[in-house]
Amino acid sequence: MLDKVWIIPALPALGFLLTLCFGKRLGPSRAHFIGIPIVGVAFVLALVTAGQWMARDGALDERGAVSDIQQSCSREATTISSGGAAAGDGTANEGSTAEGGTGGDVVSAAPEATRAAESGGGTEELTRPVIRCLSWWHSGPLQFDIGTQLDGMAVLLLVVVTTISLLVHVYSSDYVNGDRRYTHYFAFLSLFTASMLFFVLAENTLQMMVGWELVGVCSFALIGHWWEEKPNSDAALKAFLTNRVGDVGLMIGVIVLFFAAGQNFSIYDINVMANNGRINHTLLLVSSCCLIAAVMSKSGQFILHTWLPDAMAGPTPVSALIHAATMVVAGIYMVGRLYPVFFHGLSIAGSSINLLAVVGSVTAVFGALLAFVQKDIKKVLAYSTVSQLGFMVTALGVGAWTAALFHLFTHAFFKAGLFLGAGSLSHSCGHSFDMVEDMGGMRKVMPRTFWTFVVGTLSLAGIFPLAGFWSKDEILAGTGGLGNAATGSYYFAFIMLLVAAAFTAAYMTRTIWYAFYGEYRGHGHPHENGSRITVPLVILAVLGAIAGFANLPGVLTFEHLVEPVGAYFPGHEQGLVHADFNLAVAILSTLAAVGGGLFSYLYYFRRSFKPLEGFSGRNRVAHAGKTLLENKYYLDKLYTDIIVGSIKKPIAAAAYWVNQHVIDGVVNGAGKGAVVAGKFVYEKVDQLLVDGAVNGVGSVAESSGGELRRFQTGHVQQYAALFFAAAALLCGVFVLILG
Amino acid sequence: MTTNNWLLPTITFLPLLAAAIMMVIPKGEEQLHKLIALAASLGGVVLGVVLLVRFDYSQAGVPQMVTDKSWIKLINSRFIMTMDGLSMPLFILTLALLPLVVIYSWDHIPSPGNPKAFLMLILVLQTGLLGSFVAEDLILFFVFFEVVLLPMYFMIGVWGGEQRQYASIKFFLYTLFGSALMILSFLALYFLVPTPTFDMRALPELAKGISTGTQVLLFGGMFVGFGIKVPMFPFHTWLPDAHTQAPTQGSVILAAVMLKLGTYGFVRIAVGILPEGARKWAPVIAVLAVIGIIYGALGCLAQTDMKRLIAFSSVAHMGFVMLGVSTLTHYGINAAMFGMVAHGLITGMLFFIAGSIKDRFHTLEIRRLGGLLIQAPRLGWILGFCTMASLGLPGLAGFWGEFPAILSAYQPSDGLNVALFRTLMVIAAFGTVLAAGYLLWLFQRTAFGTPTEEFADDPHIHDVTLHEWVAWVPMLGAIVLFGILPGLMFNVLNPAVEALLRAGNL
């Protein structure tokens, strides 16, 4: 299975086609009969793949580690496994150490290989990525491939994507039942799943770009699913266009890396080259910064996050699948996939600040703050997602790669569960998401939804021993913020994340208060939903509770399965340090979460802070802060009104005015000038001078003139006939001459 | 390889023959005229398949299926037709498009009617287009290049919109003006090479003796001629008028194939014969191309008419093509050639859709449209698909013309200013954002939402008809096919592009 993983994305792609062709013929609201089984099979295959990955053989030397890479896909792997005979300076070192012949004196060139060699030809476990490819297209002397690269993180995402997708398919079959575009909905759900899996398995950066954009289109189509209302289609457009801005970064980043790695798109090769210092540091820095722009848009990082809350206009299961668990982590995945580029480009090791860490930690706090002023329960969760994605980006920025992926893993379950829970609430509260106006007291009416939501919330808040606790703790420890051993010492990130963790617990407590406690404030007849909705909720709650045990301190199963070890990933020698479990960090983060939650509990449930209520109405500073938050830091105003507004109206209008009056004016002016000149020549020269001379013989021409005039005034057909005759003549001449 | 290969002349003149037959059949036999046109176009497709089979793909860089006959002895101009990897995609596109246009014409003959004349013009046009892509003699090329003008002039002038007179005259004269400078360059070239000839196979070698200064001048003449046809900023103003006024079929052919005469000419003739001139002109072309990308996009944003918007988008798309050409690298020229075909398919489709919307709503004013997805859902989704293709979505054909072109600007050919080209690369990349902006904005305004009151209960508004399906499905299929398997085209183009660059030491 490991070398045939292409089947996994191919299945939902087939599902998309089948749904498109036959979905409607199955009858109304039956399209899931195609989607669910196919995604189910993909899910099983993903589990099989994961099982085989776990059973893979370790203890390889560097040459063994590349033994499952198809020769034609990677220039670097070829060099390593052939002993580097044909390679240039840098690769020769690597090759010879891989043979174990020269020992430890070429450390700087190929540390990973050296490590393998020093430890006696491979007692250390190196991971063996499985790479397969086919020729895709050619340009010049180069061939570009399409293929799959399977390694720990790809396996992880395969499982996460298919699991959530399957649950969302099941959930949707009830949630959007009776929708007028039921078939379209399921078709795009399948297409999204296929695109995401394609992205995950991409063997090269070009393919990654393809997947990246395709998930964007599916997101566009699903956000705008109910496009009859303008706000929905506006949200869809906003999502697509904001992502396009980030895509410029992606495009340029990919291009820079392509040329930096000797005109090569291969992810494996780029990583190996970046990792052993064969790519110029400046180029790595430039491409990382460009790629960060792409991360900011796709993964909703501050200041390009504004599309993500608006994207909640789409159906809730879509928000759970695309805008919480999978698509928005594409940015995280991309950074993780090209980690050597960022690790060395941003000089993450031993440092205390870099762009990635700053973007992530600022997003974590600012996103969380915005969640406090939302009335719409989905928007709370959306800003929460923004904030949690900030955690992951920070983790990558501080060199805690495994922690980032681990948090991606746990977050996918509890956040998808929370979104589906919000959907369940709305499904029974008259399709409103306004938790302040239309919900309240749902604890008693919807017990299953309530309990699963509470579990998700506790996990998200990072309460021991639920999943969120373990992954968040690992990130905090990874910052090295308490002076513990870590890749760097990112105090700024540590403090920001601690604050964000406290906020998280607080706003989620607020959400639970509004939605589940107090009196019902809506006007419907809420009821618990059917099993197709509640079963996925329960499954996700269970996963969201226990997923953290995958990487228990000391055991670290997750780390061993997911984190690559080999020449294509930064190792200990380059400064990547795995932070150990730190009790002080764990206590501090728990205190922050409990403190935030407790404050919120006292404020909302106990109303212990009566003097604080309405504070923002009395205090000018607080009022200004609240207004700032309610206007989402005015970023939307800046983008929509100022930037887009000015391009769309004055700038475009000015360009068009220039086009019509200046450029076209010259053309028309030239035409008119020619007419005037012609008139002059005709009236003054022709009629007076030439014609005077001709007049004598003029009478002869009169009869033939009549003939000619027929052509001038005449019908198109005559023109056509004349024209055709000329062409035919040409043809005749040709035939005659050819003889 | 014999010099008596009749395949190319046969394919080229077949439409003309059909037009000749139609000329003697009375005007009233409308059905018969349509059938003849269809038969001729399908005949072309069959011969095209023969061509595809007989083409030697391992030798795609070498002229094949050569016809080389004495033609105009006086000026040593010969009747030479050949086919290689550069010509083939455009030649096949042209062949394949004709039956689709004829089928679409089945129930879409624009006012004032007269299918006989209309189809005859299309057939004559076809001969001109096909001939241009295979002619390997400058004079022969020029003849075909000019043959194209007249039928299009009449199509716009007779079957066009309200301002057809202005648009057709402008189109005709503007292009003719360019041609005049172009033929001047051709003639100068003829006299400057050691052994006077118009043979395009021999000229690259012979022209190496011409000094760089002279090459720059000669290239300048061709630059104006081809630049107008492309059209490059600032020679583009004929295009929106011509497109907006032309009947649907005219717009489709214009966008899909005719503009490519300019870009093809650039690659094959201007760059192919005068590489040193090209090197000097490259920065100018690149800057104008990128201005075209941004400027065309801004022009689109200012439009209120759907068809005019699509026309302006051509200016932007051709900017990407010319940016690729100007880098003088294999990435750039491959991308340019791919982009030509992709743009032909995608923008051709967009014009088809615009025509069909016009048929149903009798207006293309964006403000008055809306809710197309409700009234004609399939038409709406096809429009959505084509806007996605047009904005360069990976996985569809448009991407492969756009991305490698941007990529090529990172490392242009030796001797070109790297800093300039990299700056242009970044600007061009931002052009893709604007492209997404105007296309999605168009789609939102026309397809999303609910129908305007004016058309809400209009019984004439129906979904895609059978003729439309037959005409469109091949194009939609090709957009997907080339998007997923770009190698199908790149692998044919690439040997020819490499040969071209090798010959020019680029």
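A few notes on this one:
- Looking across segment A:662-676, just one residue is more than 15 Å from residue B:234 (Cα to Cα) and facing chain B (nearest Cβ under 8 Å), and that is A:671.
- Close pairs (6 angstrom Cβ cut-off, 6 or more residues apart or separate chains): at pLDDT below 90 in segment B:215-239, among the β-branched types (Val, Ile, Thr) anywhere: B:230/B:263; B:233/B:291; B:234/A:663; B:235/B:228; B:236/B:315; B:237/A:663; B:237/A:667
- Options A:423, A:441; residue that is more than 21 Å from the chain's Cα centre (by Cα), of a type outside the set (Ser, Thr, Tyr), surrounded by fewer than 24 Cβ atoms within 10 Å (Cβ to Cβ) and within 24 Å of residue A:524 (Cβ to Cβ): A:441
- Scanning segment B:141-160 for residues that are closer than 14 Å to residue B:79 by Cα and either crowded, with 24+ Cβ neighbours inside 10 Å or hydroxyl-bearing (Ser, Thr, Tyr) (or both) turns up just one, B:141.
- Within the set B:481, B:476, the sole residue that is under 23 Å from residue B:60 (Cβ atoms) and aliphatic (A, V, I, L, M) turns out to be B:481.
- Residues that are of a type in the set (Val, Ile, Thr) and at the interface with chain A (Cβ under 9 Å from one of its Cβ atoms), drawn from segment B:398-428: B:406, B:426
- The set of residues in segment B:300-321 that are of a type in the set (A, V, I, L, M, F, W, C) and more than 14 Å from chain A (Cβ to nearest Cβ) comprises B:306, B:310, B:318, B:321.
- Selection status of residue A:287, of a type in the set (S, T, N, Q) and within 16 Å of the chain's Cα centre (by Cα): no
- Condition met for residue A:335 (in contact (Cβ under 8 Å) with a residue 60 or more places away in the chain and closer than 24 Å to residue A:629 by Cα): no
- Test for residue B:181: is it within 11 Å of chain A (Cβ to nearest Cβ) and either of a type in the set (A, V, I, L, M, F, W, C) or surrounded by fewer than 23 Cβ atoms within 10 Å (Cβ to Cβ) (or both): no
- Number of residues in segment A:165-189 that are under 15 Å from residue A:327 (Cβ atoms) and within 14 Å of chain B (Cβ to nearest Cβ) equals 1.
- Flag for residue B:454 being surrounded by fewer than 17 Cβ atoms within 10 Å (Cβ to Cβ), away from chain A (no Cβ under 12 Å) and not polar (S, T, N, Q): yes
- When A:670, A:654, A:592, A:624 are checked against the criterion of being touching a Leu at 6+ places or on another chain (Cβ under 7 Å) and either assigned to a helix (DSSP H, G or I) or at pLDDT 80 or above (or both), a single residue qualifies: A:592.
- A single member of B:68, B:107, B:84 is acidic (Asp, Glu), more than 14 Å from chain A (Cβ to nearest Cβ) and touching a strand residue (DSSP E or B) at 6+ places or on another chain (Cβ under 7 Å), and it is B:84.
- Residue in segment B:149-162 that is of a type in the set (D, E, K, R) and within 13 Å of chain A (Cβ to nearest Cβ) present: no
- Against the numbered list (1) small (Gly, Ala, Ser); (2) touching a Ser or Thr at 6+ places or on another chain (Cβ under 9 Å); (3) at pLDDT below 90, residue A:485 comes up short only at (2).
- The helices (runs of 4 or more DSSP H) located wholly in segment B:294-411 that include 3 or more residues which are surrounded by 24 or more Cβ atoms within 10 Å (Cβ to Cβ) and out of contact with any strand residue (DSSP E or B) (no Cβ under 6 Å at 6 or more places or on another chain) occupy B:306-327, B:330-361, B:377-390, B:397-408.
- Within segment B:99-128, the set of residues being surrounded by fewer than 21 Cβ atoms within 10 Å (Cβ to Cβ), among the hydrophobic types (A, V, I, L, M, F, W, C) and under 12 Å from residue B:248 (Cα atoms) comprises just one member, B:109.
- Within segment B:322-377, considering residues that are polar (S, T, N, Q) and more than 14 Å from chain A (Cβ to nearest Cβ), the one nearest to the chain's Cα centre (by Cα): B:347
- Taken together, B:481, B:485, B:501, B:476 contain a single residue that is within 14 Å of chain A (Cβ to nearest Cβ), surrounded by fewer than 22 Cβ atoms within 10 Å (Cβ to Cβ) and in contact with a strand residue (DSSP E or B) (Cβ under 9 Å, 6 or more places away or on another chain), which is B:485.
- So residue B:196, is it surrounded by fewer than 18 Cβ atoms within 10 Å (Cβ to Cβ) and either under 30 Å from residue B:475 (Cα atoms) or touching a Phe, Trp or Tyr at 6+ places or on another chain (Cβ under 6 Å) (or both): yes
- Among the residues making up segment A:652-661, those that are facing chain B (nearest Cβ under 9 Å) and surrounded by fewer than 16 Cβ atoms within 10 Å (Cβ to Cβ) are A:653, A:654, A:657, A:660.
- Tallying residues that are crowded, with 24+ Cβ neighbours inside 10 Å and in contact (Cβ under 8 Å) with a residue 60 or more places away in the chain within segment B:412-427 yields 3.
- When residues in segment B:429-449 are screened for being over 25 Å from the mean Cα position of the chain (by Cα), within 9 Å of another protein chain (Cβ to nearest Cβ) and crowded, with 23+ Cβ neighbours inside 10 Å, 2 of them pass.
The values are calculated or read from the model by the stated rules, or taken from the named source; none is laboratory data. Remember, it's a predicted structure, so these values are computed and weren't measured experimentally. Cβ atoms come from the backbone with ideal geometry, glycine included; neighbour counts cover every protein chain shown.
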